Amino acid sequence: MTIPYFEVVAFTDRPFAGNPAGVCLLPDEWLPDEVMQGIAAENNLAETAFLIERDGFLDVRWMTPAIEIDLCGHATLASAHVLFNHLGRPGDSVTFQSKSGPLKVEKKDGLLVLDFPSQPARQCEPPPTLAAGLRATPREVMKQRDYFAVFDRAEEVIAIQPDLEIITKLDAQGVVITAPGSDCDFVSRYFAPAAGIPEDPVTGGAHCMLTPYWARRLRKTELRAFQASRRGGEMICRLVDDRVEMEGACVFYLEGEVEI
């Protein structure tokens, strides 16, 4: 069996930056979970998206090299890029059905705009191991799917060299760290070693937490974000009621087939 396969770099307008995602187009039913997990592990990208078209919608599932997750921004953006630019899908929008509900992607001025659920984090008492894992003490800690640690300066976020063994043992999927930016509204980084992602280059799902926090703190609903990973990635985020819009570019990398 052969499966059409694409790799697209999301949240960047240049090669070798942003976050690369795999996109697998399945014919009419899901492969066994262990097979899809094996493909994602073999790809060794932060996420691989698996798509099935049903009744005009696209069912989507995402897998890291280690686990299936319930929300992924960059691989959804990459999937829409493939549909619009390489498979000739008509129209200016596509809706994906996912474990997190319907997720819409629209074309806008040469970019793609994700429409995701807002996921505000709540204040929490951090475990002592969080600061040990970050090798730094944040000014504020919250939690949603992930721990959410706030620092005073972007330089602190950029300088952090976490102990990933400690981070792996936390009771969360991962850790988002963030601070005000100098030439953007905020910067962030994301570590999820328990999910097979030591550091994610650009994390759309994390911005579902980041956007409502910074919108409230900065008193603005449109924000320019930069994820300060080694590859780096940038997007414009908008808080619209209980939704978050994330606008970014994609760069095509390769097309081929997966044979199983």
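The values are calculated or read from the model by the stated rules, or taken from the named source; none is laboratory data. Keep in mind it's a predicted model, so treat the numbers as computed, not measured. Heads up, the Cβs are rebuilt from the backbone with ideal geometry, glycines too, and the neighbour counts pull from every protein chain shown.
Okay, here's what the table says:
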item: Criterion violated by Gly110 - all others in (1) over 20 Å from Val251 (Cα atoms); (2) surrounded by fewer than 16 Cβ atoms within 10 Å (Cβ to Cβ) satisfied; result: (1)
item: Members of the stretch 18-40 that are in a loop (DSSP other than H, G, I, E, B) and under 23 Å from Leu83 (Cα atoms); result: Gly18, Leu26, Pro27, Asp28, Glu29, Trp30, Leu31
item: Test: residue in the stretch 58-70 that is on the phi > 0 side of the Ramachandran plot and either out of contact with any helix residue (DSSP H, G or I) (no Cβ under 7 Å at 6 or more places or on another chain) or buried (at least 20 other Cβ atoms within 10 Å of the Cβ) (or both); result: no
item: Some residue of the stretch 81-99 being within 22 Å of Gly232 (Cα to Cα) and buried (at least 19 other Cβ atoms within 10 Å of the Cβ); result: yes
item: Residue check for Leu51: assigned to a strand (DSSP E or B), surrounded by fewer than 24 Cβ atoms within 10 Å (Cβ to Cβ) and modelled with pLDDT of 95 or more; result: yes
item: Subset tally (residues that are over 19 Å from Leu218 (Cβ atoms) and either within 17 Å of the chain's Cα centre (by Cα) or buried (at least 22 other Cβ atoms within 10 Å of the Cβ) (or both)) for the stretch 145-188; result: 8
item: Residue in the stretch 175-185 that is closer than 19 Å to Gly233 by Cβ, in contact (Cβ under 8 Å) with a residue 12 or more places away in the chain and in contact with a Gly (Cβ under 6 Å, 6 or more places away or on another chain) present; result: no
